[in-house]
Amino acid sequence: MSAHETTKYVPSHPVARWFEDRLPLMGFSKELLDYPTPKNLNYWWTFGGILAFMLGVQIVTGIVLAMHYTPNAGLAFDSVEMIKRDVNGGRLIQAVHSTGASMFFFAVYIHIFRGLYFGSYKAPREVLWILGVIIYLLMMATAFMGYVLPWGQMSFWAAAVITNIFSAIPIVGDPILQLLRGGFAVDNPTLNRFFSLHYLLPFIIAAVVVLHIWALHVPGNNNPIGVEVKDKRDTVAFHPFYTMKDLFAIVVFCIPFAWFAFFAPDIFAHSDNYIMANPLVTPAHIVPEWYFLPFYAILRAIDFNFILDSKLLGVIFFGGSILILFFVPWLDTSKVRSGNYRPAFRWFYGLFVLNFLLLMWYGAQEPATHIIGPFTVADTSKLSVVYYFAYFLVILPLLGRYEKPRPLPNSISEAVLTEPRAVSGADPAMPTAH
Amino acid sequence: MSTDSNLAHDDTPDTGKRDFLYIASAAVGVVAVGGVVWPLINQMNPDASVLALASIEYDLSKIQTGQAVTIKWRGMPVFVRNRTQKEIDAARAVPMDQLKDPQLDQDRVMKGHDNWLIMIALCTHLGCIPIGESGDYGGWLCPCHGSQYDTSGRIRKGPAPKNLVIPPYKFLTDTKIQIG
């Protein structure tokens, strides 16, 4: 940021100075703490800190669990039960790790939807956004492989179904499938490699998080009004202002997290996963973890052939629904970042959020369940798939052209002083002070 | 190029030679990296013990008409169903134009053993095991994404693209088969 002048940090103690001359670690840390941050960030902005905290929780509990877990098809199921029953404090450590995955995804969805509403993906933050999408993809892969490790029925069939997605690729699909599984079906070799990768990927995520934060510090934070920082009066130091705010948010976030871990460790799980994996029986009703449900619903909604066969087409839509996020910075043509100043966008965005939740609900239903009259989940969920893609491919490109945004404040300071309520975005009808 | 006398005493570097060396060494480097990476990827392919389980024998004599068993071949479940005459007739009465993946019932069984339907028990969509004697067509219904198969194991409805796969098998005697 051009507004902030960096002066070389010179420690007062001679030993510290000697060290700083050789490795400027303290100067680097000080720069991170002094990082000028827009002063109008609301609580939606605390989820970045919450996510960093959750990554730490998952890595620490995961390393501890790996000390007791056995990645072998004959022993894995019992070793997880052993962790829950016999290992000192194992019941809680395992619960923190498994419910932690859900809390992690809850936080990442808030973080992503915050970015989508406040236009945090727009120039000059495209690379920051793309790194975020990469982290999200890595999280999905990690969570999926972690779900397989307890080797229950849901674990096994999740592994079977998800690896099978690759068989939809023409010609090379089947060889790839065998390569991923290490056999003709999901079996011990699959479990072994999933354990290896489940241990590796979080560290790759941590590395991409470093890049994500680096890419954040180059342009600086976006903020609720979407107007760039203009001078020093628009910012406050990251520490203590946002370290405290983030810490408070983390504490609040930990209240439901602790409740789940202590009192409802299986609330996100499926009872079938207490049956050991059986390659000869598929559970009567397979559902993925809640955080995959919207994409699962999209996969399942494509049950018709159209040029390509339904399977490949479903997989293309399934993959496309996530990969499309990479292109959002270029699909959204509006120059205005914040949804607070985009009267039409707000409606389409709200509908997009509801539609996403609806897809999540569809994903948990049986395809033959009737919704309205003769129409089943298999029929009506197609409408949601259409809106999901239309939002990115039609609405965002066109809105930028036809929508008349409300006038923007001149600066963050002006917005903070004259229009305090715009920060929370609570009142769309409020006239704009200018 | 030492034969090029014009350039022999010139101070300008011979960029053609330099480019060639650059490309040649890069090409060798790519081959070397590929040689190192391939075994690291290939180790993920099915190992010798998995490949060794490629063929099994099974005795059919205990399966009554209308019964089905699921056996394991190459780690995959295989349906062996002794079909009733009604199921066979139903499968053969279906006109080809109603099928997503058209195939005659006769082509899905061994001649003279028309009652025995032997199929890999994995839905061709994403590999769940379909549930027998259910769905709208009296065949199989996949619990995962709702694909439905008829009494010949042919796909009739839902996201699966293909009929249930027939594994390579042969009748050793009238009551004994070898799969694989």
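The values are calculated or read from the model by the stated rules, or taken from the named source; none is laboratory data. Everything quoted here is computed from the prediction, not taken from an experiment. Every residue, glycine as well, gets a Cβ built from its backbone with ideal geometry; the counts of neighbours run over all protein chains shown. All accessible areas refer to the heavy atoms of the entire protein, side chains included, with ligands and DNA or RNA removed. Shrake-Rupley method; radii C 1.70, N 1.55, O 1.52, S 1.80 Å.
The table for this structure:
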item	result
Single condition A:A297 does not satisfy, out of (1) open to solvent by 20 Å² or more (accessible area, probe 1.4 Å); (2) more than 28 Å from A:E126 (Cα to Cα); (3) part of a helix (DSSP H, G or I)	(1)
Qualifying positions in the range B:140-180 - small (G, A, S) and farther than 21 Å from A:W157 by Cβ	B:S152, B:G180
From A:L325, A:L358, A:L354, A:L308, residue being closer than 20 Å to A:F106 by Cα, without any contact (Cβ under 8 Å) to a residue 12 or more places away in the chain and open to solvent by 10 Å² or more (accessible area, probe 1.4 Å)	A:L354
A:P367, sole failed condition from (1) assigned to a loop (DSSP other than H, G, I, E, B); (2) modelled with pLDDT of 95 or more	(2)
Residue that is within 14 Å of chain B (Cβ to nearest Cβ), open to solvent by 20 Å² or more (accessible area, probe 1.4 Å), within 30 Å of A:V281 (Cβ to Cβ) and of a type in the set (K, R), where the choices are A:R193, A:R181	A:R193
Odd one out for A:F238 among (1) surrounded by fewer than 18 Cβ atoms within 10 Å (Cβ to Cβ); (2) more than 13 Å from chain B (Cβ to nearest Cβ)	(1)
Output for the range B:30-60, where each listed residue is within 30 Å of B:K170 (Cα to Cα) and either hydrophobic (A, V, I, L, M, F, W, C) or not in a loop (DSSP other than H, G, I, E, B) (or both)	B:A48, B:S49, B:V50, B:L51, B:A52, B:L53, B:A54, B:I56, B:E57, B:Y58, B:D59, B:L60
Selected residue (criterion: farthest from the other protein chains (Cβ to nearest Cβ)) from residues of the range B:127-147 that are part of a strand (DSSP E or B) and open to solvent by less than 20 Å² (accessible area, probe 1.4 Å)	B:G139
Test: residue in the range A:67-79 that is β-branched (V, I, T), open to solvent by 30 Å² or more (accessible area, probe 1.4 Å) and closer than 30 Å to A:N273 by Cα	yes
Out of A:V315, A:V328, A:V251, sole residue that is outside the structural domain of A:A143 (by TED's automatic domain parsing) and at pLDDT 95 or above	A:V328
Boolean, B:I71 is within 14 Å of chain A (Cβ to nearest Cβ), within 25 Å of A:T282 (Cβ to Cβ) and in contact with a Leu (Cβ under 7 Å, 6 or more places away or on another chain)	no
The range A:254-272 residues that are within 16 Å of A:W151 (Cα to Cα), paired with ones that are open to solvent by 40 Å² or more (accessible area, probe 1.4 Å) (beta carbon under 8 Å, 6 or more apart)	A:A269/A:S98
Every residue from the range B:111-123 that is part of a loop (DSSP other than H, G, I, E, B) and open to solvent by 20 Å² or more (accessible area, probe 1.4 Å)	B:K111, B:G112, B:H113, B:D114, B:N115, B:L122
Flag if A:P38 is open to solvent by less than 30 Å² (accessible area, probe 1.4 Å), modelled with pLDDT under 95 and in contact with a helix residue (DSSP H, G or I) (Cβ under 7 Å, 6 or more places away or on another chain)	no
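For every residue, the table says whether it meets (1) charged (D, E, K, R); (2) in contact with a helix residue (DSSP H, G or I) (Cβ under 9 Å, 6 or more places away or on another chain).
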position	(1), (2)
A:F268	no, yes
A:A277	no, yes
A:R300	yes, yes
A:N305	no, yes
A:S310	no, no
A:K335	yes, yes
A:N340	no, yes
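Per-residue answers, yes or no, for (1) over 14 Å from B:T151 (Cα atoms); (2) open to solvent by 40 Å² or more (accessible area, probe 1.4 Å); (3) in a strand (DSSP E or B):
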{"residue": "B:T65", "(1), (2), (3)": "no, yes, no"}
{"residue": "B:K72", "(1), (2), (3)": "yes, yes, yes"}
{"residue": "B:V80", "(1), (2), (3)": "no, no, yes"}
{"residue": "B:E87", "(1), (2), (3)": "no, no, no"}
{"residue": "B:A90", "(1), (2), (3)": "no, yes, no"}
{"residue": "B:V94", "(1), (2), (3)": "no, no, no"}
{"residue": "B:Q103", "(1), (2), (3)": "no, yes, no"}
